[in-house]
Amino acid sequence: MRRNNRAAAEDEAQIDLTPMLDVVFIMLIFFIVTASFIKEAGIEVNRPEASTSQPKKNVNILVAINANNEIWMDKRRIDVRAVRANIERLHAENPKGAVVIQADNKSNTETVAAVLDAAREAGVYDVSLATEDD
């Protein structure tokens with residue numbers, strides 16, 4: 001009789017990990033679904049230095065302008081006339097996101113102004129210029 005009681009007690013002492021694994025997988029799915037992904041511009045530029053620069057939150061659209069005044073978005077080169085349509089498309093994916101223009105030191109202000117105007121025409125008024133810290 002004593003042997004049967006021990007076997008029954010050992011069966012009751014096992015830990016069931018299934019509920020814990022279910023919670024972990026649900027949390028993983030939640031974090032993947034709610035994550036906002038940044039659309040990389042596709043090139044590296046030499047940004048100007050600024051002593052008053054501050055980090056920006058909720059950035060999901062990056063527009064890069066290189067030294068030859070070529071505009072890059074989403075890892076591809078685009079024409080200045082297509083900037084507005086691309087920003088509208090990317091902004092529709094995440095309406096709370098902002099636009100950051102990464103302009104090279106040697107790019108023209110005319111190109112930067114054209115990208116800024118296109119972003120505002122697309123309905124995005126949270127537009128910033130990326131700089132390097134001093």
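The values are calculated or read from the model by the stated rules, or taken from the named source; none is laboratory data. For clarity, every value in this text was computed on a predicted model and none was experimentally measured. Methodologically, a virtual Cβ is constructed for each residue, glycine included, from the backbone with ideal geometry; neighbour enumeration extends over all protein chains shown. These area figures cover heavy atoms from the full protein model, side chains too; ligands, DNA and RNA do not enter into them. Shrake-Rupley method; radii C 1.70, N 1.55, O 1.52, S 1.80 Å.
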Looking at Val99, Val83, can you tell me which residue is open to solvent by less than 40 Å² (accessible area, probe 1.4 Å), closer than 30 Å to Val33 by Cα and not in a helix (DSSP H, G or I)? Val99
Please go through (1) under 21 Å from Arg120 (Cβ atoms); (2) exposed (fewer than 14 other Cβ atoms within 10 Å of the Cβ); (3) of a type outside the set (Ser, Thr, Tyr) for Asp74 and return the number of the only condition it doesn't satisfy. (2)
Test set (1) touching a Lys or Arg at 6+ places or on another chain (Cβ under 9 Å); (2) modelled with pLDDT of 75 or more; (3) small (Gly, Ala, Ser) - Ala41 fails condition number: (2)
Please work out if Arg6 is in a helix (DSSP H, G or I), among the basic types (Lys, Arg) and either under 30 Å from Glu121 (Cβ atoms) or modelled with pLDDT under 75 (or both). yes
Kindly list the number of the only condition in (1) surrounded by 12 or more Cβ atoms within 10 Å (Cβ to Cβ); (2) modelled with pLDDT under 90 that fails for Asn105. (1)
